[in-house]
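Here is the structure we will look at, set down as structure tokens.
The values are calculated or read from the model by the stated rules, or taken from the named source; none is laboratory data. These figures come from a predicted structure and were not determined experimentally. Here the Cβ positions follow ideal geometry from the backbone for every residue, glycine too, while neighbour counts run over all protein chains shown.
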Amino acid sequence: MDCILETRDLTKEFKGFVAVDKVNLRVKRGSIHALIGPNGAGKTTCFNLLTKFLTPTSGSIVFDGQDITLEKPAQIARRGVIRSFQISAVFPHLSVLENVRVALQREMGSSFHFWRSERTLQRLDARALELLDSVDLLQFASLPAVELSYGRKRALEIATTLAMDPKLMLLDEPTQGMGLEDVDRIRQLIKKVAASRTVLMVEHNMSVVASIADTITVLQRGATLAEGSYAEVSKNPSVVEAYMGSANVELKGAH
């Protein structure tokens, strides 16, 4: 199996509390891999370790065959590991097009080159419009970002993330707080984006996970509880027990 990302006994302790406990994650290149689990399971801490916002207590992280355990967040991003919020906070009073152009300028290393020629900006505009088209926002290109619906703002975040040309996209709760229509839009968008890259996502919405994830890793109390396809994971008695209550109903209802 060609793994783009692998963690080996990844562990994070906070003053005696083990938030992530010897997690061995293997993310297959070109797949959608979901990280799920009850609240407090260690999902966000795991994401923070992968993007080096936190330093592991022990264990290692290997990306594209290179040990990146000791690298800094900027080095990780340059390798192509991009977490959506890292670079995609929407500038509300810039237009939708300008938001994507800012991300493209950062990728080109010309963020602060205000003397760049108009021709350079036009080249960026052409690429920005392509990216907006890919996330179905082309018709909103000239609109101030603040006027977008919540779901479309999340689509814009994905466009700005794509502007960084990620090899591995980390999406943290991409459908959180959305209505059904927006959830379906983002679900389709993630599937489309993943056709040419790898996606690792933390997601609570089990219907989204069930419909697009190739592999699911279930965390509980910082450790791996189960891993496999949705069909395998949803029938695992330990997983069902961990999701007692409303989440359990979601697990059953997402078939």
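Would you mention how many residues in the range 187-236 are in a strand (DSSP E or B) and either within 17 Å of the chain's Cα centre (by Cα) or in contact (Cβ under 8 Å) with a residue 40 or more places away in the chain (or both)?
Residues that pass the stated criteria total 14.
Exactly one of (1) in contact with a Gly (Cβ under 8 Å, 6 or more places away or on another chain); (2) modelled with pLDDT under 90; (3) closer than 26 Å to Glu6 by Cβ is unmet by Leu168. Its number?
Single failed check for Leu168: (2).
Could you check Asp214 against (1) more than 28 Å from Ala159 (Cβ to Cβ); (2) of a type outside the set (S, T, N, Q); (3) at pLDDT 95 or above and say which number it fails?
With (1) more than 28 Å from Ala159 (Cβ to Cβ); (2) of a type outside the set (S, T, N, Q); (3) at pLDDT 95 or above applied to Asp214, the lone miss is (1).
Only one of Thr69, Thr51, Thr45 is surrounded by 15 or more Cβ atoms within 10 Å (Cβ to Cβ), of a type in the set (S, T, N, Q) and closer than 20 Å to Val209 by Cβ; which?
Thr45
Got at least one residue in the range 8-17 being touching a residue at least 40 places away in the same chain (Cβ under 8 Å), over 18 Å from Pro174 (Cβ atoms), surrounded by fewer than 22 Cβ atoms within 10 Å (Cβ to Cβ) and β-branched (Val, Ile, Thr)? So that I can check it myself, show each step before the final result.
Kept after step one, since they are touching a residue at least 40 places away in the same chain (Cβ under 8 Å), are these residues of the range 8-17: 8-13.
Pick out the ones that are also over 18 Å from Pro174 (Cβ atoms) and you get 8-13.
Now narrow it down to the ones that are surrounded by fewer than 22 Cβ atoms within 10 Å (Cβ to Cβ): 8-9, 11, 13.
Next cut, β-branched (Val, Ile, Thr) only: 11.
Yes, the range 8-17 contains a residue that is touching a residue at least 40 places away in the same chain (Cβ under 8 Å), over 18 Å from Pro174 (Cβ atoms), surrounded by fewer than 22 Cβ atoms within 10 Å (Cβ to Cβ) and β-branched (Val, Ile, Thr).
Does Gly42 satisfy being modelled with pLDDT of 90 or more and of a type in the set (Gly, Ala, Ser)?
Answer is yes for this residue.
Suppose we keep only residues that are part of a loop (DSSP other than H, G, I, E, B) and surrounded by 17 or more Cβ atoms within 10 Å (Cβ to Cβ) within the range 142-165. Which one would you say is modelled with the highest pLDDT?
So, considering only residues that are part of a loop (DSSP other than H, G, I, E, B) and surrounded by 17 or more Cβ atoms within 10 Å (Cβ to Cβ), the one modelled with the highest pLDDT is Leu148.
Search the range 37-51 for residues that are aliphatic (A, V, I, L, M) and pair each with any residue that is in a helix (DSSP H, G or I) when their beta-carbon atoms are under 9 Å apart and the residues are at least 6 apart or on different chains.
Ala41/Ala242; Leu50/Ile76
Filter the range 72-118 down to the residues that are surrounded by fewer than 19 Cβ atoms within 10 Å (Cβ to Cβ), basic (Lys, Arg) and at pLDDT 65 or above and list them by number.
Hits for the range 72-118 are Lys72, Arg78, Arg79, Arg106.
From the set of residues in the range 127-140 that are buried (at least 17 other Cβ atoms within 10 Å of the Cβ) and not in a helix (DSSP H, G or I), which is nearest to the chain's Cα centre (by Cα)?
Top of the filtered list is Val135.
I'd like the full set of residues that are charged (D, E, K, R) and either buried (at least 20 other Cβ atoms within 10 Å of the Cβ) or touching a His at 6+ places or on another chain (Cβ under 9 Å) (or both), limited to the range 211-243.
The one that is charged (D, E, K, R) and either buried (at least 20 other Cβ atoms within 10 Å of the Cβ) or touching a His at 6+ places or on another chain (Cβ under 9 Å) (or both): Asp214.
Of the residues that make up the range 175-188, is at least one among the β-branched types (Val, Ile, Thr) and modelled with pLDDT under 90?
yes
Taking the range 45-73, which residues are among the acidic types (Asp, Glu) and closer than 13 Å to Glu6 by Cα?
Within the range 45-73, Asp64, Asp67 meet the criteria.
One residue is enough: does the range 48-59 have a residue meeting the conditions over 20 Å from Leu35 (Cβ atoms) and modelled with pLDDT under 95?
The answer is no; no qualifying residue exists.
Restricting the search to the range 24-69, which residues are touching a Pro at 6+ places or on another chain (Cβ under 9 Å) and not hydrophobic (A, V, I, L, M, F, W, C)?
Thr51, Lys52, Thr69, listed by residue number.
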